Amino acid sequence: MKRVLVGSMHHESNSFNPIIADERDFSIRYGEDALIFETKNNALRGIVDTLKEKEYDIVPLLSARAVPNGEVSFELYSRLKKEFIERAIEADKIKKVDAINLALHGSMRVVGLGEAEGDLLEGLRKYFKDIPIVVALDMHTTMTDKMFEYADAYVGYKCAPHTDCFETGEHSAKMLIDIFQKNQKPKKAWIKVPMLIAGEQSETSTEPMVYFINRCREFESSEGIDAVSILMGYPWADSEDAGVGIYVVAETEALANSVAIDIAQEFFDRRKEFSFHTETYEPIEAYSVALDALKDKKFPIYLSDSGDNPTAGSSSDCTDFLKIILNNPQTLKVPTPIIYGGIYDPEATLKCKENLGKE
């Protein structure tokens, strides 16, 4: 029976957010507790369920997850990395480990260090030099040299919003099973495309992403190709590695390179087709358009500052748009209430809490 280490570390780190993500922000679980899942849509669950179905011996290390935020504190990451590796080494001492199958984000960054995933994988490789390491990734992975070098195969989500996390974990586990059955590691290729695309411009239910995801699936159904991933990168991190990556796993290096180059070239050629699929304006004009829509009684009217989106790791503390609303004399004539959706300000929140119920 093959013995496989499993675990996850998942955080999307916005380097423009001054808030440092620390232990208070993370859900950290160790050992068997790491296999308690609140939802099926979880890549680690996809890995575990698939390997268990084939009766592999699963050894859970740890799971550390947090919602997008600023960069992760160096102290917390260093501790998690140490625990990850120490638990892996201890498991191997008890009984030899045959492989590692992880669920990582791919754009986790650490204060004073930079990329987390490549660093973690490098640390694991120092001890586990030859065994297969296969990883399920978020679509918004920022592929790096270290990541490429220290793992044997990756596969990323193909849906944005990410509704296929379980399936991606399942895919990664099937690649690992295939490695065992063939007793041979696959070949891999990575082509970096010099582009950065906002999440709102690359939803997979709209073109041209519908086309490109279908292309990936078509290639994956071909003989000799294990996985084709479009790793979109993460635009809200100031990193020299930022950009789109086309990553392919195949039986031969020539085949992997051929597919990666094919998709990468077409992706770049169609770069101008990536656009917002809702009305988009500069802030002052956006509010003016909204006021005009009020006159025509078009409801509801929703304005969003996509650059200050907390679900993409922002601090949600920008007040520029609020100033535009307050400084416009037409605001006082608006016949319906204007609801401003939240500003991160702990001190102001506490003051409001003290005055709950007061006139």
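Could you say whether any residue in segment 234-247 is over 30 Å from Val110 (Cα atoms) and buried (at least 18 other Cβ atoms within 10 Å of the Cβ)? Scanning segment 234-247 turns up no residue that is over 30 Å from Val110 (Cα atoms) and buried (at least 18 other Cβ atoms within 10 Å of the Cβ). Exactly one residue among Gly70, Gly106, Gly112 is touching a residue at least 40 places away in the same chain (Cβ under 8 Å) and surrounded by fewer than 24 Cβ atoms within 10 Å (Cβ to Cβ), and that residue is Gly70.
Could you please let me know if Asp262 is within 29 Å of Glu12 (Cβ to Cβ), at pLDDT 95 or above, over 21 Å from the mean Cα position of the chain (by Cα) and surrounded by fewer than 13 Cβ atoms within 10 Å (Cβ to Cβ)?
On the way: within 29 Å of Glu12 (Cβ to Cβ): yes; at pLDDT 95 or above: yes; over 21 Å from the mean Cα position of the chain (by Cα): yes; surrounded by fewer than 13 Cβ atoms within 10 Å (Cβ to Cβ): no.
The answer is no for Asp262.
Among the residues making up segment 300-325, those that are on the phi < 0 side of the Ramachandran plot and hydroxyl-bearing (Ser, Thr, Tyr) are Tyr302, Ser304, Ser306, Thr311, Ser314, Ser315, Thr319. Scanning segment 185-223 for residues that are polar (S, T, N, Q) and assigned to a helix (DSSP H, G or I) yields Gln201, Asn214. Restricting attention to segment 268-318 and to residues that are polar (S, T, N, Q) and surrounded by fewer than 13 Cβ atoms within 10 Å (Cβ to Cβ), the residue that is nearest to Phe212 (Cα to Cα) turns out to be Thr278.
Exactly one residue among Leu35, Leu44, Leu62 is more than 15 Å from the chain's Cα centre (by Cα) and under 22 Å from Tyr150 (Cβ atoms), and that residue is Leu62.
Restricting attention to segment 301-325, the residues that are at pLDDT 80 or above and over 13 Å from Pro283 (Cβ atoms) total 2. Among the residues of segment 275-301, those that are within 22 Å of Lys323 (Cβ to Cβ), in a loop (DSSP other than H, G, I, E, B) and either of a type in the set (A, V, I, L, M) or in contact with a helix residue (DSSP H, G or I) (Cβ under 9 Å, 6 or more places away or on another chain) (or both) comprise Glu279, Thr280, Tyr281, Ile301.
Inside segment 73-83, residues that are surrounded by fewer than 21 Cβ atoms within 10 Å (Cβ to Cβ) and touching a helix residue (DSSP H, G or I) at 6+ places or on another chain (Cβ under 7 Å) make up a count of 1.
Would you point out the residue of segment 1-48, among those that are among the hydroxyl-bearing types (Ser, Thr, Tyr) and outside any strand (DSSP E or B), that is farthest from Ser306 (Cα to Cα)?
Restricting attention to segment 1-48, the residues satisfying the condition of being among the hydroxyl-bearing types (Ser, Thr, Tyr) are 8, 13, 15, 27, 30, 39.
Filter again for outside any strand (DSSP E or B), leaving 15, 39.
Details: Ser15: 16, Thr39: 27 Å.
Out of the qualifying residues, it is Thr39.
Inspection of segment 309-324 finds a residue satisfying the criterion of being out of contact with any Pro (no Cβ under 7 Å at 6 or more places or on another chain), touching a residue at least 40 places away in the same chain (Cβ under 8 Å), outside any loop (DSSP other than H, G, I, E, B) and not assigned by TED's automatic domain parsing to the domain that holds His140.
Could you tell me which of the residues Ala160, Ala173 is within 20 Å of Glu251 (Cβ to Cβ) and in contact (Cβ under 8 Å) with a residue 40 or more places away in the chain? Break it down into steps so the answer makes sense when it comes.
Working: Ala160 fails: within 20 Å of Glu251 (Cβ to Cβ).
Of Ala160, Ala173, the one residue that is within 20 Å of Glu251 (Cβ to Cβ) and in contact (Cβ under 8 Å) with a residue 40 or more places away in the chain is Ala173.
The values are calculated or read from the model by the stated rules, or taken from the named source; none is laboratory data. Owing to the predicted nature of the structure, the values given are computational and were not obtained by experimental measurement. Cβ: placed from backbone, ideal geometry, glycine included. Neighbour counts: every protein chain shown.
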